[in-house]
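The values are calculated or read from the model by the stated rules, or taken from the named source; none is laboratory data. Just so it is clear, the model here is predicted, and its values are computed rather than measured. Positions of Cβ are generated from backbone atoms using ideal geometry, with glycine treated the same way; all protein chains shown enter the neighbour counts.
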Amino acid sequence: MEDQGDRSVKRDDHFRALYEQGYPAVLRYAARRVGAEDARDIAAETFMIAWRRLDRVPAHEPLPWLYATARRCLANELRSRGRRDRLDARVRAEASTGAGAGAGRRMRGSPTDSQGDWPNARTC
């Protein structure tokens with residue numbers, strides 16, 4: 001009967017072999033699509049998923065599984081970039097037109113408050 005420690009060692013060894021075999025290929029795959037710096041993040045995310053789902057990674061042909069996982073990580077990254085770029089553009093457009101959040105609204109208790117309820121306000 002196999003104990004917990006033996007399973008843990010085998011899992012670590014299996015992952016180490018997967019990483020050594022697959023990391024350079026996954027890194028190259030991602031770098032061709034997003035550049036070297038972001039490719040390291042994609043590869044790290046790919047292998048983090050591989051670690052969590054190690055029992056689902058095919059033992060004999062892991063590279064296609066790793067590529068598919070990296071492709072999904074890339075898609076998530078590109079969607080995030082798109083959302084971030086659209087938000088940045090919207091914020092810049094609102095800032096340049098002065099239509100940001102709260103523009104045109106008066107804050108309650110401000111000197112321009114139509115109700116003039118500034119407590120302790122004194123006139124000189």
When segment 1-39 is checked residue by residue, the ones that are touching a helix residue (DSSP H, G or I) at 6+ places or on another chain (Cβ under 7 Å), of a type in the set (K, R) and under 30 Å from R81 (Cβ atoms) are R33
Residues of segment 1-32 being basic (K, R) and at pLDDT 95 or above, in sequence order, are R16, R28, R32
The residue from G116, G100, G104, G109 that alone is in a loop (DSSP other than H, G, I, E, B), in contact with a helix residue (DSSP H, G or I) (Cβ under 9 Å, 6 or more places away or on another chain) and either within 30 Å of S8 (Cα to Cα) or modelled with pLDDT under 90 (or both) is G100
Residue hits (segment 37-77; closer than 13 Å to A25 by Cβ and assigned to a loop (DSSP other than H, G, I, E, B)) are E61
All conditions in (1) modelled with pLDDT of 95 or more; (2) surrounded by 10 or more Cβ atoms within 10 Å (Cβ to Cβ) are true of R52 except (2)
